[in-house]
Each structure stands twice: as C-alpha cells, then as structure tokens.
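Beneath this line is the structure, given in structure tokens, with notes to follow.
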C-alpha cells in the first residue's frame with residue numbers, strides 16, 4: 001500500500017510539474033504591452049496553438065502567415081477581427097490581442113477621460129513647435145519589440161490629424177480599436193484635394209497605403225466619434 005501511495009504521489013507531482021511547465025511556456029508566449037490600461041489589455045502573442053477570448057477580443061495578425069479562425073474565416077496578414085467569447089485552436093505565429101470588458105463600438109466617457117489625462121498631447125511631444133499644438137491628437141506609450149513598434153492614438157469627435165505623407169519608418173498600417181474614424185487620402189496637402197475615404201470601425205484594419213518603394217500618399221486620420229486606433233510600424 002505504501003509503495004502504491006508513493007507511486008500515486010509521484011504521478012500527481014509529475015502531472016503538476018508538466019502543467020506548471022506548460023503554463024510557464026504559454027505565459028512566455030504572451031507579452032503585455034506598455035499601453036495596456038484598465039479599459040483594455042494589449043498583448044503580443046507568439047507561437048500559440050490555442051487562444052481563449054473572453055468578452056471582446058481584437059486579434060491583429062502581424063505575421064506573414066494566415067490564421068485560421070474557423071471553417072468560414074481566415075485572418076490574413078496585416079488584417080484583424082473583433083471576436084467575442086471565442087476559442088481559437090489554430091497556429092498563431094505572431095499577433096496583437098486587445099481585450100475589452102465593454103463593446104468598443106460604444107462611447108465610453110471614462111476611457112475618453114483616461115486618454116486625455118494620461119496620454120501625450122502635441123504640446124508635450126513638440127514643445128518647440130506651436131504650429132502642431134492645434135491638433136488634439138494624443139499618443140499612448142510606445143512599445144518597441146525587435147523591428148516592430150506599436151502605439152495607440154486618440155482623437156476626440158469631429159477632429160482630425162494633420163495631412164502628411166512622410167514617416168520615419170517604411171511600413172505602417174492602422175487598426176481601429178474604439179469608435180468610428182476615417183482614413184482620408186489627398187492628391188495634395190490640401191483638404192480640398194480629398195479623393196478617398198476609408199471608414200474605420202472597431203476590428204477593421206485598412207489596406208497598406210505605401211507603394212513598392214514605401215512612398216505614401218498625402219493622408220490623414222479623421223475622428224467621427226471619440227476614437228482610438230493602433231499603429232503597427234515595421235522598421236527595416
């Protein structure tokens with residue numbers, strides 16, 4: 001009996017060790033990003049085979065491999081889905097996951113207040129350039145991992161960013177996180193030269209704007225409601 005009890009205790013101990021090792025590995029595949037806050041968590045996922053999403057989860061594929069969502073949907077590179085109460089059993093090479101306890105399509109005054117009080121405005125980012133202070137855009141903390149960089153932007157309703165066509169990096173795309181916005185394209189640095197409007201709702205990532213030489217058209221983000229969107233940037 002004593003020998004059987006010892007064997008059973010050894011088996012339980014081994015199972016616990018394996019479970020703890022597995023949990024440790026899973027944890028190492030999920031990196032919390034610096035702009036996580038009490039309204040939404042942001043994580044970098046790497047080499048996962050199983051993902052459970054409780055409530056609302058925005059999954060952004062930042063790898064070169066598609067992610068099989070279910071029998072009907074495949075998440076392509078640089079694209080995103082807003083999912084709810086969902087379990088995914090598919091290989092995830094590299095992705096960003098943002099999880100919410102509320103529907104990000106609905107206005108959340110407390111989230112707006114949080115961004116206003118905690119994220120950087122242009123006066124702080126450009127203290128020596130008052131011409132930029134007129135824009136109400138706010139930037140979250142910036143996360144740099146390898147050659148990738150991530151940060152969120154906030155604009156209050158009925159405002160817009162500047163019209164620009166240059167970046168200090170070659171590749172960028174945006175994913176709408178909260179509210180309704182528009183990516184505008186222009187022929188010139190003039191709002192009268194507008195030629196395309198790309199509407200952005202939570203869970204949507206626009207097609208990349210750059211050409212084969214990484215040149216960008218004149219473009220601008222416009223907020224219809226209070227908005228947050230994520231910039232995903234890739235350096236060489």
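The values are calculated or read from the model by the stated rules, or taken from the named source; none is laboratory data. These numbers were taken from a predicted model, which means no experiment stands behind them. Neighbour counts run over all protein chains shown; Cβ positions are idealised from the backbone, glycine included.
A few notes on this one:
- For residue 131: the one exception among (1) more than 20 Å from the chain's Cα centre (by Cα); (2) at pLDDT 95 or above; (3) not in a loop (DSSP other than H, G, I, E, B): (2)
- Flag if residue 60 is under 18 Å from the mean Cα position of the chain (by Cα), surrounded by 16 or more Cβ atoms within 10 Å (Cβ to Cβ), more than 30 Å from residue 110 (Cβ to Cβ) and at pLDDT 95 or above: no
- Those residues of region 186-221 which are farther than 18 Å from residue 167 by Cβ and touching a residue at least 60 places away in the same chain (Cβ under 8 Å), in sequence order: 201, 202, 203, 204
- Boolean, residue 186 is in the same structural domain as residue 155 (by TED's automatic domain parsing) and over 24 Å from the mean Cα position of the chain (by Cα): yes
- Residues of region 71-106 that are in contact (Cβ under 8 Å) with a residue 12 or more places away in the chain, farther than 17 Å from residue 207 by Cα and part of a loop (DSSP other than H, G, I, E, B): 89, 90, 91, 101, 102, 103, 104, 105.
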